[in-house]
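Take a look at the structure below.
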Amino acid sequence: MPSSSIRRAGADDVSLVRSLRLEALLDAPYAYGSTHAVEAAMDEAAWTSSIFNKGAWFIGTHEGLSAGIVQLTLEPYVAEHHLWAIFGMWVSPVARGTGLTALLLEACATEATTAGAHLVGLWVTAGNDRAATAYARNGFGEVAPQRFGIDHEGPERFMVRTLP
Ligand SMILES: CC(C)(COP(=O)(O)OP(=O)(O)OC[C@H]1O[C@@H](n2cnc3c(N)ncnc32)[C@H](O)[C@@H]1OP(=O)(O)O)[C@@H](O)C(=O)NCCC(=O)NCCS
């Protein structure tokens, strides 16, 4: 039986999260609002302050391997709607279809709920249908970003999940 687990990254995990993030940017350049070239050019201190410290990272482990990451904002992204945002979701190709994505999203939802969120939201590049399907399977529905006071630019879909 495959085994998966999730933990919140701590200060000791910067190098690990950075290497998974760089792998994600190489593997799926269409999926993120950043590039491998930009983030690989930052030294670890610069990357830590501008990327790692922007939110809480969760690391997914599958069959003993670090195989997924996701980031949740530390504060409301749209305060008036108690909406927290999720960024940077990536699951390694070897761990796709195993349920690790659901566990990563659940970790974000639990953390956001504890922080007082009523909603979690994320952006999906138009055409990234595998991601949109995975999110829909995990309780996210597509909504107009303007409904949440978010400026929307580019070919992205905004999806949101209501928390308990
Ligand atoms: C997006 C991602 C995290 C999803 O994780 P995953 O493990 O692949 O997702 P799952 O297998 O749990 O779910 C994918 C669903 O899409 C379906 N699917 C697969 N390919 C598809 C496609 N081309 N179009 C539509 N649906 C597709 C699968 O059948 C599955 O649906 P099901 O649960 O009803 O069977 C992962 O694929 C990934 O890291 N991709 C690259 C980075 C990325 O796109 N990140 C998202 C940023 S918003």
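A short reminder: the numbers here are calculations on the coordinates, not readings from a lab. The structure displayed is predicted, hence computed values, not measured ones.
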Tell me which residues come under 5 Å, amide H to amide H, from Ala9 once H is placed; ignore anything under 5 positions away on its chain. Trp57, Phe58, Ile59
Rounded, prolate or oblate (a/c below 1.5 giving rounded, otherwise prolate when a/b exceeds b/c) for the stretch 82-164 by Cα gyration tensor: oblate
Averaged over all directions, how much area does the convex hull of the C-alpha atoms of the stretch 46-113 cover when projected, in nm²? 5.1
Regarding the chain, what is the average projected area of its C-alpha convex hull, in nm²? 9.4
